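The structure appears right after this line, and notes come after that.
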Amino acid sequence: MPASSPSIINSSMFILMGFRGLEQYYPWFSVPFSLIYAVVFLGNCLVLHVIRTEPSLHEPMFYFLAMLALTDLCMALSTVHTVLGILWGLGQEIGLDACIAQTFFVHGLSCMESGVLLAMAFDRFIAICNPLRYTSILTNSRVIYFIVTILMRSALSILPGIIRLKLFRYCRPHILSHSFCLHQDLLRLACSDIRFNSFYALALVICTLLLDAVLILISYVFILHTVLAIASRKERLKSLQTCVSHICAVLVFYIPIIGLTMVHRFGKHLSPLVHVLMGNIYVLFPPLMNPIIYSVKTQQIRSRMKKWFSLKM
């Protein structure tokens, strides 16, 4: 149907364009995307299962890791139905309410993952810089407080912009450029005053993602200062090795966000396909890589998985 068709403009349905121009390759694209989603689901569920069933992993570091895995799992669940629906030829339409809900979960879960990574940085900071007080500082009640705070911050900070999306009048053709709904994509279709949403989105990025990144960086400055003061080279390496998984998870999360932001801000001349690919990397790369990173780099998780699989053989 043409983009200027009145039936699209006046409808409450939106069209997700997906990988525009590559429709003939969708059956081939569906194979790697299906495998990626399968690995995301299995990998994060396995991490959650290992942490839940192994009493020795019931400590703050692994509680935060479990929340990270749950966040990644929810991120994949929030987009799987539209991405694979397009690739499998099941339809490209999505209702306004469903689109706004998907926008809420995608952006809210990104904010939540940033908060979890900050909490994990704090955990590493206490473990290395103040190890004797680790158990007295990171008690179960404080861990629960951190988790509840992260959840509340993510939900409440996203809501004002999301609520306004529902109130907007969408008089432009209801064509969304991605394979799932994003806040900035919906704003382009609105004929209402979007200045609040634009400024609020920028302020939200600065006050959550950017602030979290700065605090994570500061925590590692203190960690590095403490580690370098350790006389034994072996002990220095041992301390730093406990941070490798978290550093990798931070890079895996922030690099796609920076890439997507740069593409949206300065990549107007780029092919729409680049925007769509960056959007999918943004939502799929961290959930795909985090279980692999923590399974390979975290000795406790790795040994428990080996033990679990050996019992199943």
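Going 7 Å from the Cα of Tyr134 in the Cα-to-Cβ direction, what parts of region 211-227 have a backbone nitrogen less than 16 Å from that spot? The answer is 223-224, 226-227. Overall shape of the chain was characterised from the C-alpha gyration tensor. The equivalent ellipsoid obtained from it has semi-axes of 39, 23, 17 Å, in decreasing order. Each residue, Leu42 and Gln241, gets one label point 7 Å from its Cα in the Cβ direction; the gap between the two is 2.9 nm. Near the amide H of Leu176, within less than 5 Å, lie the amide hydrogens of Ile15, Leu16, Met17, all on another chain or at least 5 residues away, with H placed in the peptide plane. Full extension of the chain segment joining Leu251 with Val296 gains 14.6 nm, where the gain is 0.36 nm per residue of separation less the Cα-Cα distance.
Tell me the relative contact order for the chain as a rounded percent, counting alpha carbon contacts under 8 Å between residues six or more apart. Averaging sequence separation for qualifying contacts and normalising by length gives 28 percent for the chain. A simple packing score, the average count of other Cβ atoms within 10 Å per residue, orders the peptides 106-116, 208-218 as 106-116, 208-218, with the highest score first.
Taking the Cα centre of the chain as the origin and placing charges on Cβ (Lys, Arg +1; Asp, Glu -1), which of Pro256, Ser179, Val276 is farthest toward the positive end of the dipole? The residue sitting most towards the positive pole is Pro256.
Toward the positive end of the charge dipole of the chain, with +1 on the Cβ of Lys and Arg and -1 on the Cβ of Asp and Glu, the farthest Cα among Cys129, Phe33, Tyr200 is that of Cys129.
Cβ crowding within 10 Å, taken as a proxy for footprinting-reagent exposure, orders Thr103, Thr139 from fewest neighbours to most as Thr139, Thr103.
Note on Glu54, Glu235: ascending count of other Cβ atoms within 10 Å places them as Glu235, Glu54, the fewest first.
Among complete DSSP H helices in the chain, those whose alpha-carbon atoms stretch at least 24 Å along the helix's long axis and whose mean Kyte-Doolittle hydropathy reaches 0.5 are 26-53, 60-87, 96-129, 140-167, 211-228, 233-266, 272-297.
Working out 0.36 nm times the residue gap between Leu35 and Ala101, then minus their Cα-Cα distance, what length gain in nm do you get to one decimal?
21.2 nm
Once the Cα-Cα distance is subtracted from the 0.36 nm per residue extended length, the Trp88 to Ile218 segment shows a gain of 42.3 nm. Taking other C-beta atoms within 10 Å as the exposure proxy, Trp28, Trp88 rank Trp28, Trp88 from fewest upward. Between Gln24 and Ser12, the modelled labels are 3.9 nm apart [label points 7 Å from Cα along Cα→Cβ].
Each reported figure results from applying straightforward, stated rules to the coordinates on display, with no laboratory input. All figures in this text were calculated on a predicted structure; none of them were measured in a lab. Quick reminder, even Gly has a Cβ in these numbers, built from the backbone with ideal geometry, and neighbours come from all protein chains shown.
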